[in-house]
1. What full-extension length gain, to one decimal in nm, is calculated for VAL311 and SER71 as 0.36 nm per residue of separation minus the Cα-Cα distance?
2. Of the residues SER40, SER57, SER232, which exhibits the maximal mean-square fluctuation in a Gaussian network model of the chain defined by a 10 Å Cα contact cut-off?
3. How high is the relative contact order of segment 142-291, given as a whole-number percent (alpha carbon pairs under 8 Å, six or more residues apart)?
4. Given 10 °C and 1.306 mPa s, how large is the Stokes-Einstein diffusion coefficient of the chain in µm²/s, with Rh as the Kirkwood radius over Cα pairs?
5. Along the Cα-to-Cβ line of SER84, 7 Å from the Cα, sits a label point; which residues in segment 62-78 have backbone N less than 15 Å from it?
6. What net charge is computed for the residues neighbouring GLY261, neighbours being all others with C-beta under 9 Å from the C-beta of GLY261, Lys and Arg scored +1, Asp and Glu -1?
7. Return the whole-Å distance between the Cα centroid of segment 146-193 and the Cα centroid of segment 198-218.
8. Go ahead and run the numbers for FRET between ARG204 and ARG94, Cβ-Cβ distance against an R0 of 45 Å, rounding to 0.05.
Amino acid sequence: MSRTVCPVNGAELAPPARFRAMGTDVEVLAVGADADAMTSLGALAAEALEVREARWSRFRPTSELCRLNESAGAPVVVSPSTYSLIARAVAAWRDTDGRYDPTVLAALEAAGYDRDFDAVARSDAGAAPDHTDVPGCGNVELDDVVHAVRLPPGVALDLGGIGKGAAADEVSSELLDAGAPGVTGVLVNLGGDLRARGEAPTPRGWVVAVDDPLHTGGTGLLALATGAIATSTRLRRTWTRGERSLHHIIDPRTGAPAESGLASVTVVAGEAWWAEVLAKAAFVAGVDGGAALVEDAGATGLLVTDDGDVVELDGLGGFRP
């Protein structure tokens with residue numbers, strides 16, 4: 001995961017708040033916060049993330065997402081935040097020509113990721129999976145008047161490729177608006193999908209160690225004043241079925257874990273949900289297609305190939321959202 005490296009900044013920052021949420025490690029940092037303010041911000045962040053996980057998780061039977069997936073064929077009214085997330089997911093499917101696709105749930109479960117990842121990783125039983133078709137979002141219906149969503153029969157959504165980024169966006173905004181004494185800037189990092197808002201530490205900004213999936217030392221550090229970073233890698237969430245090593249990034253064209261020649265993609269963009277989507281889509285597209293997709297979207301980043309080569313995109317050194 002991408003992680004902040006505060007000592008490089010030379011700035012005095014209180015120790016970050018750290019906890020687990022949404023199936024990953026969470027880190028919250030703030031400019032101008034003392035220890036008491038960080039305790040308060042950490043508690044606010046944990047509560048805000050729990051609200052979103054309770055709505056968006058596919059592993060919680062009472063979530064809005066599960067209720068929607070179980071009601072395919074009938075419209076379901078959801079909360080404004082869930083509706084907004086699904087609407088962005090459908091729009092992102094179109095904008096990436098289907099390389100990002102939230103309808104991969106059946107394929108993801110067929111590959112073996114059918115329960116909380118810790119349980120998946122502990123089990124290597126079972127034969128290698130068959131591929132499952134990914135239907136796409138073409139027939140998903142959205143009613144923005146009443147915030148209703150209708151999924152066609154046989155279609156179910158997984159918001160795992162957009163939800164952590166969206167949560168980082170929303171929670172960072174809520175923390176900055178909370179008015180904690182002295183706080184002028186915040187950073188929220190959910191397992192490598194991070195969003196920075198407000199003032200950044202001086203003199204270099206938020207310094208982030210970029211995910212180095214093959215441990216080559218070639219990815220280095222990024223300095224970010226404001227905006228977002230997200231990383232997708234085939235090496236973080238992996239499991240074994242039969243004699244095959246599988247991962248969680250599904251190629252919608254095949255319904256199987258993507259084999260694109262990439263080990264990871266890191267994207268720098270204005271918003272974390274969009275950075276997360278672009279990282280997934282670029283990973284599926286491969287080196288050349290992925291680089292073009294990210295740059296055409298007005299973002300930047302770097303791609304690490306299976307051979308360990310690091311491809312830096314234009315604008316990486318001076319990105320401004």
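FYI, it's all coordinate maths here, none of it is from the lab. In this text, all values refer to a predicted model and were calculated from it rather than measured experimentally. So basically every Cβ, Gly included, is an ideal-geometry build from the backbone, and we count neighbours across all protein chains shown.
1. Working it through step by step, the gained length comes to 82.1 nm.
2. Among SER40, SER57, SER232, the largest mean-square fluctuation in the Gaussian network model of the chain belongs to SER40.
3. Values: 257 pairs, mean separation 32.0, N = 150.
Over segment 142-291, the number comes to 21 percent.
4. After rounding, the answer is 80 µm²/s.
5. 78
6. Residues close to GLY261 contribute a combined charge of -3.
7. What the calculation gives is 21 Å, centre to centre.
8. 0.75
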